[in-house]
Ligand code: ADP
Ligand code: MG
């Protein structure tokens, strides 16, 4: 059981703003220090088509959910969404994301470990940098908001993509990596994090 759990994988992408803000090392160190293992990494210049494919792994459901979240953000600032349906808003966000993601090089990574998916989401923070917690990457290193993004009809610039659930992670990983890009290896700290006895410390 525990062995199986420690193989959970998640896709993280440092988006073009993260690269341009010189935050690669800082971001990697956040995931590294919590105990996750980096099993693949590559710098890519995404095409808008690949970015679209990436965001469409969630399908119609993602379009609806992201549109609903956007409508709630309009409501919170006392405005009404200019879109007729959640889906229309979702499509607009998808198009904006394709532009955002292909604006420059990105760093795609696969992180592995127990609870990798929720752990990375927790460390990364929520979608809106302004509204998310201090101590998270999005909360600490940038300042964008729904208000700023909506005013210019662009994506929220939040430095990072991180998979939301196991199905999303599996599909997203297949978009950015081939099976032989992924390196299976033992990390010495796994003995301390996961081994039932913590054997091997004393001579
Ligand atoms: P997350 O990246 O936190 O999982 P979503 O999957 O809901 O967020 O959305 C994907 C990306 O689309 C976000 O990271 C953000 O860059 C952009 N985005 C989401 N909602 C909005 C919005 N209402 N306005 C502008 N951009 C948005
Ligand atoms: Mg998401």
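Derivation of every value follows stated rules applied to the coordinates shown; laboratory data play no part. This is a predicted model, so every value here is computed, not measured. Cβ coordinates were reconstructed from backbone atoms using ideal geometry, including for glycine residues, and neighbour counts include every protein chain displayed.
For the options 70, 116, 162, a Gaussian network treatment of the chain with springs between C-alpha atoms closer than 10 Å singles out 70 as fluctuating the most. For the chain, a Gaussian network of Cα nodes joined below 10 Å ranks 107, 193, 130 by mean-square fluctuation, and the top entry is 193.
With R₀ set to 30 Å, the beta-carbon distance separating residue 192 from residue 170 gives a calculated FRET efficiency near 0.60. Compared with the alpha-carbon gap, the fully stretched path from residue 50 to residue 140 is longer by 29.5 nm at 0.36 nm per residue. Could you tell me the center-to-center distance, by alpha carbons, between the range 25-90 and the range 149-192 in angstrom? If we compute the Cα centre of each part, the gap is 11 Å. Counting only alpha carbon atoms, the long axis of helix 86-101 and the longest principal axis of the chain meet at about 60°. Quick one: among 100, 31, 83, which has the greatest mean-square fluctuation in a GNM of the chain with alpha-carbon springs under 10 angstrom? Of the options given, 83 has the highest mean-square fluctuation. Each Cα pair under 8 Å and six or more residues apart adds its sequence gap; the mean of these over the residue count of the chain is a relative contact order of 34 percent. If you take all C-alpha pairs in the chain, what percent of them are over 24 Å apart? The proportion of pairs with Cα distances above 24 Å equals 43 percent. With contributions of -39500 (n - 2.57) from each DSSP H run of at least four residues, the per-residue ellipticity at 222 nm computed over the chain stands at -13500 deg cm²/dmol.
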